[in-house]
Amino acid sequence: MSVRSRMDWLLFLTVLTLISAGLVMVYSASSLIAELRFDEDTHYFLVRQALAAALSLLLLTVLSQRDYRGLRSAQWAFAGLGIIIFLLIAVYFLDPRAHRWIRFGMASFQPSEFAKPAMIVFLAWFVTLRAPDINSPHTVWPVAIALVGVAGAVVVADLGTATVLVATAAAMFYMAGLNRRYTIIAVSAGLVFLTVAVLAKPYRLKRVIDFVDPQYKVLVYVDPEKKLLAYAETGSKIRDTGYHALQSRIAIGAGGISGLGLMQSRQKLLYLPEAHTDFIYAIVAEETGLWGAGLVLGAFVLILWRGFRLFCNASDEFGRYIALGVTVAIVFQALLNMSVVLDLGPTKGIPLPFISYGGSSLVSSSISLGLLLSVSERSTA
């Protein structure tokens, strides 16, 4: 079995295209917002995203050229996870309102985004180390505690990212050969974790209720006094939690097959909230139509294909699980974002990788892809 050293140019160019398309769409979706907030500076969000894109491409290139096997050690696994846990605790106090951002003057970053590559490296190292005893309690419980700790710290302010972390860990352990008993326990624990996370924040509960039972017909039988609904409404800033989804569907419908053309979106004119962040896929569909939205979806399908291919062809177990973790995290997050935009799930704040505005998301996703490209450079022929 030979080992090749060659860049996966198809994967690299796909990511480069997504980042470039993201810059165009961020400018299109945010120019009016920037003009309203910063007088005539319509390039405010574009400039910040472009700086993040430059840093992201630098990190992606550097990591792709470095041997990922250098991360296969307890020092790297625990150091990355430890730093992220520390930052997640720190952000709770540094940002007492949203618990999301650490700010340095004009700059800021979101620690929860970097939990994804840190968790992937940790799990890849741990699963590789304990592969022969993957179903031993001495393997399962330490990872469960670590995952609950990180996901629990993240879910305080970011349910979407916590969901991605749990789904990524589940996929890695399932592919590592976790037996049915532990799989059932893990799924049950995940559902309990999700339920508690939703109930802990009234606005999350309101979104779920409005999506599942918008007319409250079932809720009346379950809770005749509507105490649950009253609790849910205490944390919601708006009574109509379906407003985002409605405006998103209008944008997608207006785009049709060919789209309205770049910069021609109507829904971004203060109708669709978060048009340049969580709901940017709706603007992509409105301005570029079914073709453009399909190409973006196709790009993530290609990442899924190349990532799974690397999972099969990596030269060692650590590389296999790095490839699996990165692929699941990025593709699952993309599908989660698109499902919300298409009104296939309750509204939640989660960016579309490489496309949505947000430097932390872009840098974190690029770090993950850099690791994936590093595995590709050293995969078996």
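The values are calculated or read from the model by the stated rules, or taken from the named source; none is laboratory data. All values reported here derive from a predicted model rather than from experimental measurement. All Cβ positions, glycine included, derive from the backbone under ideal geometry; neighbour counts span all protein chains shown.
I'm trying to understand the selection: among the residues of region 304-329, which are in a loop (DSSP other than H, G, I, E, B) and buried (at least 20 other Cβ atoms within 10 Å of the Cβ)?
Ala314
Looking at region 340-352, is at least one residue of a type in the set (A, V, I, L, M, F, W, C) and in a helix (DSSP H, G or I)? Can you show your working first?
Within region 340-352, the first condition is being of a type in the set (A, V, I, L, M, F, W, C), and the residues that meet it are 340-342, 344, 350, 352.
Checking the rest, the ones that are also in a helix (DSSP H, G or I) come to 340-341.
There is at least one residue in region 340-352 that is of a type in the set (A, V, I, L, M, F, W, C) and in a helix (DSSP H, G or I).
For the structure I just gave you, tell me whether Gly261 is surrounded by fewer than 17 Cβ atoms within 10 Å (Cβ to Cβ) and of a type in the set (Gly, Ala, Ser). Before the answer, list the steps.
Numbers: surrounded by fewer than 17 Cβ atoms within 10 Å (Cβ to Cβ): yes; of a type in the set (Gly, Ala, Ser): yes.
Yes, satisfied.
Of all residues in region 335-381, which are polar (S, T, N, Q) and either under 15 Å from Ser56 (Cβ atoms) or out of contact with any helix residue (DSSP H, G or I) (no Cβ under 7 Å at 6 or more places or on another chain) (or both)?
Across region 335-381, the qualifying residues are Ser339, Ser356, Ser360, Ser361, Ser364, Ser365, Ser366, Ser368.
Can you tell me which residue is surrounded by the most Cβ atoms within 10 Å (Cβ to Cβ) among those in region 54-74 that are in contact (Cβ under 8 Å) with a residue 40 or more places away in the chain and under 23 Å from Arg130 (Cβ atoms)?
Filtering region 54-74 for residues in contact (Cβ under 8 Å) with a residue 40 or more places away in the chain gives 55-57, 59-69, 71-74.
Filter again for under 23 Å from Arg130 (Cβ atoms), leaving 67-69, 71-74.
Working: Asp67: 12, Tyr68: 25, Arg69: 15, Leu71: 21, Arg72: 19, Ser73: 11, Ala74: 11.
Within region 54-74, the match that is surrounded by the most Cβ atoms within 10 Å (Cβ to Cβ) is Tyr68.
Just one of Thr195, Thr168 is buried (at least 22 other Cβ atoms within 10 Å of the Cβ) and either on the phi < 0 side of the Ramachandran plot or of a type in the set (Lys, Arg) (or both); which is it?
Step by step, each of Thr195, Thr168 is checked, and only Thr168 is buried (at least 22 other Cβ atoms within 10 Å of the Cβ) and either on the phi < 0 side of the Ramachandran plot or of a type in the set (Lys, Arg) (or both).
Quick check: is even one residue across region 337-348 under 27 Å from Asp67 (Cβ atoms) and either at pLDDT below 95 or out of contact with any Pro (no Cβ under 8 Å at 6 or more places or on another chain) (or both)? Let's see the steps before the verdict.
Going residue by residue through region 337-348, those that are under 27 Å from Asp67 (Cβ atoms) are none.
Checked region 337-348: no residue is under 27 Å from Asp67 (Cβ atoms) and either at pLDDT below 95 or out of contact with any Pro (no Cβ under 8 Å at 6 or more places or on another chain) (or both).
Are any of the residues in region 139-157 at pLDDT 80 or above, touching a Gly at 6+ places or on another chain (Cβ under 7 Å) and part of a helix (DSSP H, G or I)?
no
Which one of these does Gln49 not meet: (1) modelled with pLDDT of 90 or more; (2) under 19 Å from Ile280 (Cβ atoms); (3) over 21 Å from the mean Cα position of the chain (by Cα)?
The failed condition is (3).
Can you tell me which residue in region 78-119 is surrounded by the most Cβ atoms within 10 Å (Cβ to Cβ), limited to those that are assigned to a helix (DSSP H, G or I) and touching a Lys or Arg at 6+ places or on another chain (Cβ under 9 Å)? I'd like the intermediate steps shown before the answer.
First pass over region 78-119, keeping only residues assigned to a helix (DSSP H, G or I): 78-94, 111-119.
Filter once more, so that each one left must be touching a Lys or Arg at 6+ places or on another chain (Cβ under 9 Å): 91, 94, 111-112.
Numbers: Val91: 23, Leu94: 14, Pro111: 27, Ser112: 30.
That would be Ser112.
Considering only residues that are touching a Phe, Trp or Tyr at 6+ places or on another chain (Cβ under 8 Å) and either of a type outside the set (A, V, I, L, M, F, W, C) or not in a helix (DSSP H, G or I) (or both), which ones fall in region 120-138?
Those that are touching a Phe, Trp or Tyr at 6+ places or on another chain (Cβ under 8 Å) and either of a type outside the set (A, V, I, L, M, F, W, C) or not in a helix (DSSP H, G or I) (or both): Thr128, Ile134, Asn135.
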